[in-house]
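Values quoted throughout were computed directly from the atomic coordinates according to the rules given, and no laboratory measurement underlies them. Because the structure is predicted, anything quoted here is derived from the model rather than measured. Every residue, glycine as well, gets a Cβ built from its backbone with ideal geometry; the counts of neighbours run over all protein chains shown.
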Amino acid sequence: MEFLNIFIQGSLLGGIYALFAIGLSLSFGIMRLVNIAHGDFIVLSGYVALVVTQSTGLDPFTSLVIVVPVMFVLGYVLQRGLLNQTLSGGLLPPLLVTFGISIIIQNGLLQGFGAYDHRLQEGPIETASLHLPGGIDIGVYPLLVFAVAVFGIASLQLLFYGTRLGRAFRAVSDDANTAELMGIDNRKLYAVALGIAMIFTAIAGVLFGIRTIFDPAAGPIRLILAFEAVIIGGLGSLWGTLIGGMVLGIAQTVGAALDPTWQILAGHLAFLAILILRPNGLFPRTRD
Amino acid sequence: MTAAVETVRVERATKASRVFTVAAAVMLAGLVSLPWWGDAGDMRLIAEMAYYLALAQLWNLLAGYAGLVSVGQQAYVGIGGYALFYLTGVWNLNVYAALLLAGPFAGLIAIPVSFAVFRLRGAYFAIGTWVVSEVFALIASLILVLGAGSGLSLTVPILQEISPDRDARNTAIYLMTLAVSLFVVGVVYLLLRSRHGLALTAIRDSEPASASLGVNTFRTKFIIYVATAACTGLIGGLIFLQKLRISPEAGFSINDWTVVVIFMVVIGGIGTIEGPFIGMLIFIVLRELLADYGTYYLILLGIIAIVIMLKAPSGVWGWIAQRYDLQLFPVGRRLVLKPDQSKR
């Protein structure tokens, strides 16, 4: 029973990690961009939601109506105006530029909001739980987050395999030059891609902000967790990313069951072990 | 009969590099004598510049030459620092002996680490090294004998081993930092001038091409990674000898020991020895000028790094070198055409 409980709680925890990872996985899968500022965008979304909820009195869930478009536009503009320029010159430019963005966001938030912790308040749903037979209690909120992750990945799969836009994304991902010859405007498509990635970043930021406190320096660990989920699952595979998040969540829950201070460390160690045993992850699709 | 009125000569040193060598020697003499005419604040600032320069040179060697873009070098700063505190505090080792062991210890740790992170390519290698550093930070925060989450302090008896007098101690630590920085710059310079430097430059320019010409790229990268880790560990020991305290957050700080270092190298000019000097100076000047405005200097530094990366990827030094044909640390060779005197 204890084993089953750890498995369930860990998988649910993995839902939020998968949600962190979707944006990273998308921008890597489509434009081979490793976005070092990804974690900071998650935290930035939390702050945008904080400002919206405080200034309009909306609750965090409803604030997504504003946070999501704001982050979409930010992603579109950033890719169009800045990141597209980095994609032709090898490894360093995208890495360095997103590193720069990361530092700008972290210190900008620090100057604007101070180093204090913040949290988004959603009310009773945060602590509600369901009682399963066998004495297992599961939180309604983690279940909701997990459902959002599954729903998000399913809708992305639908986008990729059922729409014109999705076909263009797959074409650009397979061979950017040939796609361009076929009349696709890669630069615009990349901008839309980062915009879509930012939609998921925004959702992840708000959902996580309800669950855990955040401060301006909270981005990097989010990036690392997202990265681990992507690598464990295998590059370019969205369902793999969900599994990767769950593996990470289960490893952390096992670690926490042994000793609460081991939670994060256990996740990192599981990641490194998988890296050594299966360097391409569990379900690899994209070759870089 | 011979029509050639010109012959060519292969040169390493240039006029500029010879002038620079003299100027650098004079400046170094000035810095070495600083304890006798400067105050403690000057010494602290120069020591900081010296260790940042060394860290920047090492990161440049890794990323600019060996193509190993690591963002996890803070792991070795922290390991070096903790090694110093542990060896002196728990093993009661002499502080100089502990400092000398800190570097090799960090290098030793880098060997198993490389087995894991070398499986990753490109940007994934970068984040992988970062994860490893986080692992070390978490482990340090769990080990009681390392002070767990709150870290360790250097005790007075340990410091008195260097010198019972505070001024003499500061001078000793200052001179050690200068010496280590000089050592690191010297090693990087001599390495790049050697046969291995040629291999490294070839790897920098094209890894597949250098491999096809017989460069053992894996071994070269492995040696550079481990050697860099050892030097970084030694610097880490020195940094925390000055700070007197270490904690997991301070020791393994990515912002302090890697991010600003990367910015220095990129702004100054990646893939050159001169670049890190310029980048370090720009960083220190910016920070001192904007000292009263919180962390805005970091925001400015980030913006400058982005602009340089997009508009002038070879950095400030790359621009100067191209425009004025300068090379202060000649690591390559150049052809010089000169009229043939003997035939006249």
Candidates B:Thr258, B:Thr217, B:Thr272: whichever shows maximal mean-square fluctuation once chain B is modelled as a Gaussian network with Cα springs under 10 Å: B:Thr217
Once phi for every residue in region A:168-184 is put through the Karplus expression 6.51 cos²θ - 1.76 cosθ + 1.60 (θ = phi - 60°), the whole-Hz ³J(HN,Hα) values, with Gly and Pro written as x, are 4, 4, 5, 4, 5, 5, 6, 7, 4, 5, 5, 4, 5, 4, 7, x, 8
Could you list A:Tyr190, A:Tyr17 in order of exposure, starting from the residue whose Cβ has the fewest other Cβ atoms within 10 Å? A:Tyr190, A:Tyr17
Among A:Val67, A:Val48, A:Val140: highest mean-square fluctuation, GNM of chain A, C-alpha pairs under 10 Å: A:Val140
Between B:Lys243 and B:Glu161, what is the spin-label point distance in nm, taking each point 7 Å from the Cα along the Cα→C-beta axis? 2.1 nm
By how many degrees, 0 to 90 and rounded to 10, does the Cα axis of helix A:186-211 deviate from the longest principal axis of chain A? 10 degrees
From the phi of every residue in region B:201-206, what ³J(HN,Hα) in whole Hz does the Karplus formula 6.51 cos²θ - 1.76 cosθ + 1.60 yield, where θ is phi - 60° and glycine or proline is x? 4, 5, 5, 4, 6, 6
In peptide A:246-253, what is the residue-averaged number of other protein chain Cβ atoms found within 10 Å of each Cβ? 0
Taking a temperature of 37 °C and a viscosity of 0.692 mPa s, what whole-number D in µm²/s does Stokes-Einstein yield for chain B with Rh from Kirkwood over alpha carbon pairs? 153 µm²/s
Given just the C-alpha atoms of the protein assembly as shown, how large is their convex hull per residue in cubic angstrom? 186 Å³
When only Cα pairs under 8 Å and 6 or more residues apart are kept, what is the percent relative contact order across region A:240-285? 35 percent
Sequence of A:His118, A:His38, A:His268 once ranked by neighbouring C-beta atoms within 10 Å, starting from the fewest: A:His118, A:His268, A:His38
Amide H to amide H under 5 Å from B:Val71: which residues, 5+ apart in sequence or cross-chain, H placed 1.01 Å off N in plane? B:Thr129, B:Trp130
For region A:196-288, shape from the Cα gyration tensor axes a ≥ b ≥ c, cut at a/c of 1.5 then a/b versus b/c, turns out oblate
Once phi is turned into ³J(HN,Hα) by the Karplus curve 6.51 cos²θ - 1.76 cosθ + 1.60 with θ = phi - 60°, what whole-Hz value does each residue of region A:114-127 show in order, with x for glycine and proline? x, 8, 6, 6, 10, 8, 9, 9, 10, x, x, 4, 4, 10
Mean-square fluctuation check for chain B, GNM, Cα pairs under 10 Å: which of B:Ala54, B:Ala98, B:Ala172 is largest? B:Ala172
Taking amide H positions as placed 1.01 Å from N in the peptide plane, with prolines and chain starts having none, which residues 5 or more places from B:Thr7, or on another chain, fall under 5 Å of its amide H? B:Lys338, B:Asp340
With r as the distance between the Cβ atoms of A:Thr261 and B:Met27 and R0 = 45 Å, compute the FRET efficiency 1/(1 + (r/R0)^6) and round to 0.05. 0.35
For chain A, the longest principal axis of the Cα atoms and the Cα long axis of helix A:238-258 enclose an angle in degrees, to the nearest 10, of 30 degrees
Percent RCO, i.e. relative contact order, over chain B, from Cα pairs under 8 Å lying at least 6 residues apart: 34 percent
Just to confirm my numbers, what's the Cα centroid distance between region B:123-149 and region A:220-288 in Å? 16 Å
Ellipticity estimate at 222 nm from DSSP helix runs (n ≥ 4, -39,500 (n - 2.57)) divided over chain B, nearest 500: -22500 deg cm²/dmol
Mean other chain Cβ within 10 Å across A:85-95 is 5
Highest mean packing first, using Cβ neighbours within 10 angstrom, the peptides B:81-88, B:250-257 sort as B:81-88, B:250-257
Whole-number value, in Å³ per residue, for the convex hull of the alpha carbons of region B:23-114 is 137 Å³
Other chains' Cβ within 10 Å of B:59-71 residues: what's the mean? 1
Between A:Leu4 and B:Ala211, what's the calculated FRET efficiency when r is the beta-carbon distance and R0 is 51 Å? Round to 0.05. 0.50
Rounded to a whole number of µm²/s, how large is the Stokes-Einstein D of chain A at 25 °C and 0.890 mPa s, given Rh as the Kirkwood radius over C-alpha pairs? 127 µm²/s
Spherically averaged projected area of region B:153-287 from its Cα convex hull (nm²): 9.9 nm²
Once the in-chain neighbours fewer than 8 apart are removed, the aspartates and glutamates whose Cα is under 15 Å from A:Lys188 read A:Glu180
So for the pair B:Asp39, A:Leu181, with labels modelled 7 Å out along Cα→Cβ, what separation do we get in nm? 7.0 nm
Compute the angle between helix B:274-289 and the longest alpha-carbon principal axis of chain B, please, reported from 0 to 90 degrees and rounded to the nearest 10. 50 degrees
Inter-label distance for B:Ile223 and A:His131, nm, one decimal - labels placed 7 Å from Cα along Cα-to-Cβ: 6.9 nm
Residue exposure sequence - A:Ser63, B:Ser114, B:Ser17 - by fewest surrounding Cβ within 10 Å: B:Ser17, B:Ser114, A:Ser63
In whole percent, what relative contact order does chain A give with Cα contacts below 8 Å and a gap of six or more residues? 37 percent
Interatomic Cα distance distribution for region A:13-121, bins of 5 angstrom, percent: 2, 11, 18, 23, 20, 14, 8, 3, 1, 0
Percentage of interatomic Cα-Cα distances in region B:78-182 larger than 19 Å: 55 percent
